[in-house]
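What follows is one structure encoded as structure tokens, with my remarks underneath.
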Amino acid sequence: MLNTMSVKNLKTFSGLDRKQVAFSRAKHGSNEITPKKRNSFFKQYLSSFGDPLIQILLAALALDVIFLFRDADWMEAGGIAIAVFLSTFVSTISEYGSESAFLKLMQEADCIQCRVLRDETVKSLSIKEVVVGDYILLQAGEKIPADGIIVSGHLKVDQSALNGETAEASKTESSNVITFIPPQDWELLSSEQLFRGSIVNDGEAVMKVLRVGDTTFYGHMAREVQDETRDSPLKVKLAGLAKSISKLGYCAAALIAISDLFCEIVLSQQPFTSLLDITLPTLYQFTEYLLHALTLAITVVVVAVPEGLPMMITVVLSSNMLRMLADQVMVRKLVGIETSGSLNILFTDKTGTLTEGKLSVSKFILGDGTALSQESKNIYLSQLLCLSGFYNTSSSLSDGKSIGGNATDRTLLDHIEPILDQDMRRFLSSYQKEDFLPFNSTQKFSAVQLIGRDSITLLKGAPERLLPACRHYYDEQGNVLPFSDSKALERMWKSMTAKANRVLAIASSQTPLSQLTALSEHTNSLQIATSDLKLIALVAITDAIRPEVPSAVKEVQKAGIQVIMMTGDNRETAAAIAKKAGLLDQPDKKIFTSTDLLQMDDEQLKEVLPATAVIARALPTDKSRLVKVAHDMNLVVGMTGDGINDAPALKKADVGFAMGDGTEVAKEASDIVILDNNFTSISKAVLYGRTIFKSIRKFIVFQLTMNLCAVGVSLLCPFLGFDTPITITQMLWVNIIMDTLAGLAFAGEPPLKEYMEEMPKKRDEAVLNRDMIEQILYMGLCTITLCVFFLKHPWFASYFQLEAAPLRFMTAFFCLFIFCGIFNSFNARTHRLNLTAHLGHNPGFISIMILVSFVQILFIFFGGELFRTCPLSMNELLLTILLSSLVIPIDLIRKLWLRLHHKQGAL
């Protein structure tokens with residue numbers, strides 16, 4: 001194994017022995033990144049009680065328990081306790097399970113192996129086993145496991161995951177003996193440093209480890225993203241809803257308590273003045289009235305509080321989390337789903353998100369300006385292109401894949417690999433490298449001299465360097481022709497560059513490489529010293545826009561979300577890519593560079609941000625600053641990222657989208673992981689988020705309508721001669737319908753494309769909007785009227801034999817009340833006139849409502865004393881169901897009125 005490395009003096013490094021390893025690990029620690037402390041299941045369960053709606057339920061439960069001694073009826077208190085337990089428990093299970101799946105994903109990073117010199121032998125160890133002082137053998141394609149310096153050899157590494165820079169960094173042997181470098185100097189010494197998380201693109205070297213685990217640059221960034229972030233929009237909205245509901249519930253309770261005292265004292269047969277005589281019997285009687293009023297008030301508070309809402313929110317978030325996983329979207333934090341639907345602005349990376357993330361050859365342009373067709377049969381041109389791709393490169397093929405070299409070298413080698421048949425391989429093997437000049441950013445070209453069947457020098461590099469030295473070119477038949485109009489080719493090259501292509505020139509010469517170049521006195525770099533080059537072709541290399549991205553960007557923009565592309569490319573290339581992605585379709589959209597941002601203060605940046613479409617030459621610090629400025633503008637911010645340098649911005653954003661092939665630190669900082677790195681998956685997350693909020697609002701409309709009806713009936717019935725129109729046990733069943741079962745029914749609502757045509761909700765927008773309040777009041781009051789009409793109309797009293805069989809009459813009323821709620825659920829789930837719209841996409845809704853109807857009928861016939869029911873005849877049952885179905889045409893009248901006034905009453 002040692003002899004496979006070509007770095008010098010390798011045998012001088014013996015490596016640490018077992019005792020030295022133990023001493024180093026004890027002194028400097030292991031190479032594991034300390035994970036963010038994860039709450040235990042029990043602690044996470046307790047934290048769920050911080051939800052504002054859960055706290056209201058706990059207050060109602062406490063009050064209910066306090067007055068439990070009066071009637072010794074545990075059913076209501078038990079119902080609330082069950083609702084609280086189910087909501088908090090299911091929420092904890094869902095989020096804990098999601099986090100466990102994420103941790104399993106993260107553990108894959110610990111399986112990476114590296115080659116370590118130990119006891120004078122090379123061992124393959126997990127990166128967790130590396131300690132300070134170890135010598136690591138590095139080659140192309142390997143990931144650097146810790147921070148350190150090169151003690152032998154040289155490397156070209158990809159540090160884009162750390163600093164966002166796409167250019168390769170050259171690393172050579174350190175001239176200084178370095179034992180420790182403080183964090184503030186890491187960037188300053190980056191030319192001499194190797195950093196954990198970087199990828200070796202080319203070269204071979206031995207690295208000495210100086211920092212491991214949390215002390216690495218990687219670990220330093222990991223700690224930065226463990227700070228808490230601001231509350232999610234959903235939590236803010238629910239807190240406002242809880243406050244509103246509690247106020248309404250307390251007001252309703254006060255009204256009912258006052259009305260009950262009024263009925264008992266003022267309207268009683270006993271004169272009110274007799275109660276003013278302060279005697280023991282009157283004081284006891286007044287206390288009885290007061291306790292009855294308070295008990296009734298507590299019952300109303302319990303009825304008014306939507307104890308099923310936390311449970312419903314948990315169910316809808318959890319069920320959609322599973323749906324999203326099937327669409328390659330892994331949700332780490334449940335509230336991240338809904339927050340996605342509230343996004344106002346989305347900062348997205350270019351590479352791998354908008355583009356395919358893989359360079360490819362798009363076309364070859366010959367010297368006459370024509371494109372070389374794929375059907376070209378000219379073997380000589382194919383041989384020249386294969387010779388250039390195979391030999392004029394720092395890359396090599398391994399198992400059919402290119403490794404080493406820079407991205408351009410690998411792209412060209414990957415392009416020719418499929419055409420390397422047996423004959424072409426035999427042709428290539430007939431040549432050998434005589435001399436090679438590698439590419440560097442100063443000379444901007446590489447060259448190789450080959451000897452074999454003939455002697456030929458091949459050059460590859462920037463067109464501005466090679467084209468001026470070309471006097472001839474090859475046509476498609478392989479003939480050498482003189483240039484007639486080189487300016488036309490130059491215009492074509494610049495046109496391709498403007499279309500987001502990276503353009504290279506490939507040329508040949510019979511002049512030996514040593515005579516082909518000369519050292520420039522002005523730039524101290526090699527220049528082409530001849531003008532007898534023959535142009536083989538211009539090569540257009542592109543990172544193609546994903547085919548589905550333009551339509552996805554358009555969909556997201558139509559949803560009112562501003563999309564800003566952030567890229568390290570220059571302004572021209574960034575503009576070309578943004579145009580292809582559909583980000584510059586509007587004339588007022590602007591492009592800024594990182595330099596432009598530095599020249600603006602935050603107030604100026606706030607002014608230009610709404611018109612910004614692209615940030616070119618973007619730096620990692622730009623992302624964090626833009627998130628802060630957007631937050632100051634009260635915007636809900638989304639941020640995509642994959643590198644370590646992106647982690648702080650991902651953490652600060654309201655929703656952080658990490659890419660599936662990104663770094664572990666970026667994933668740890670994110671709320672959602674896009675497993676397929678596709679922008680379309682982000683638009684799906686937005687749609688799911690909006691669907692969830694719609695489902696929550698539909699459920700609230702349904703539940704508060706039933707709550708209003710229950711409170712209204714409880715308020716009015718004492719004046720109508722019905723002390724308890726709905727018993728505590730019946731109310732528990734009503735709550736089960738409103739809470740658990742209805743929550744499950746509305747949780748399955750399908751995502752509709754029409755939701756992406758609406759503007760995003762404001763971060764602090766109230767959950768209850770005007771349309772919802774109007775619908776709740778309208779249907780609640782209409783249902784109360786229908787119930788009162790049933791109770792007081794003499795025809796129903798006669799038909800159901802109120803005088804002779806009051807139990808039958810109250811059973812019919814109970815049936816009427818429940819079926820009004822069932823039919824109202826169909827009204828609440830859609831603003832359309834057609835109540836069955838998209839109902840087929842939520843089969844669970846129909847099943848649950850059928851189940852509720854079936855159980856209700858069972859209670860009617862078999863509920864007995866527990867539910868205060870008796871069997872009804874078939875005609876009586878059908879009559880009550882038919883009467884309750886009137887809520888559907890009543891709501892249709894409301895919907896028709898809204899359409900006549902050009903409104904939809906949308907949620």
If ligands, DNA and RNA are left out, what is the accessible area of residue 778 with a 1.4 Å probe, given in Å² to the nearest 10? 70
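Calculate, in nm to one decimal, what residue 837 and residue 121 gain on full extension: separation in residues at 0.36 nm each, minus their alpha carbon distance. Write down the numbers at each step before the final one.
Details: separation 716, 0.36 × 716 = 257.76 nm, distance 7.08 nm.
Full-extension gain reported as 250.7 nm.
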To the nearest 0.05, the calculated FRET efficiency linking residue 875 and residue 661 through their beta-carbon distance, R0 being 51 Å, is 0.15
From largest accessible area down, sort 483, 862; use a 1.4 Å probe on the protein chains. 862, 483
Reported to the nearest 10 Å², residue 740 has, with a 1.4 Å probe, an accessible area equal to 40
For the pair residue 399 and residue 774, the simple spin-label estimate (label points 7 Å beyond Cα toward Cβ) gives in nm 6.5
Quick check: with the 1.4 Å probe, what order do 831, 902 take by accessible area, largest first? 902, 831
Charged-residue dipole, Cβ positions (Lys, Arg, Asp, Glu), segment 765-907 about Cα centre, Debye nearest 20: 360
Spin-label model distance (nm) - residue 495 vs residue 847, 7 Å beyond Cα toward Cβ: 6.0
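R0 = 51 Å: FRET efficiency of residue 896 with residue 600, Cβ-based, nearest 0.05? If you can, show how the numbers build up before the last one.
Values: r = 53 Å, r/R0 = 1.03.
Once rounded, the FRET efficiency stands at 0.45.
Under the classification rounded if a/c is under 1.5, otherwise prolate if a/b is larger than b/c and oblate if not, where does segment 532-622 fall, given a ≥ b ≥ c as square roots of the Cα gyration tensor eigenvalues? Can you show the working numbers first?
Working: a/c = 2.84, a/b = 1.43, b/c = 1.99.
Here segment 532-622 falls in the oblate category.
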Could you rank 851, 466 by how accessible they are, 1.4 Å probe, largest area first? 851, 466
Estimated distance in nm for a label pair at residue 862 and residue 19, the labels positioned 7 Å out from Cα along Cα-to-Cβ: 8.1
Test of understanding: extend the Cα→C-beta vector of residue 481 to 7 Å, then name every residue of segment 354-371 with backbone N under 18 Å from that spot. 364-371
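The values are calculated or read from the model by the stated rules, or taken from the named source; none is laboratory data. Quick caveat, the model's predicted, so the values are computed rather than measured. Methodologically, a virtual Cβ is constructed for each residue, glycine included, from the backbone with ideal geometry; neighbour enumeration extends over all protein chains shown. We work out accessible area using only protein heavy atoms, side chains counted, and drop any ligands, DNA or RNA first. Shrake-Rupley method; radii C 1.70, N 1.55, O 1.52, S 1.80 Å.
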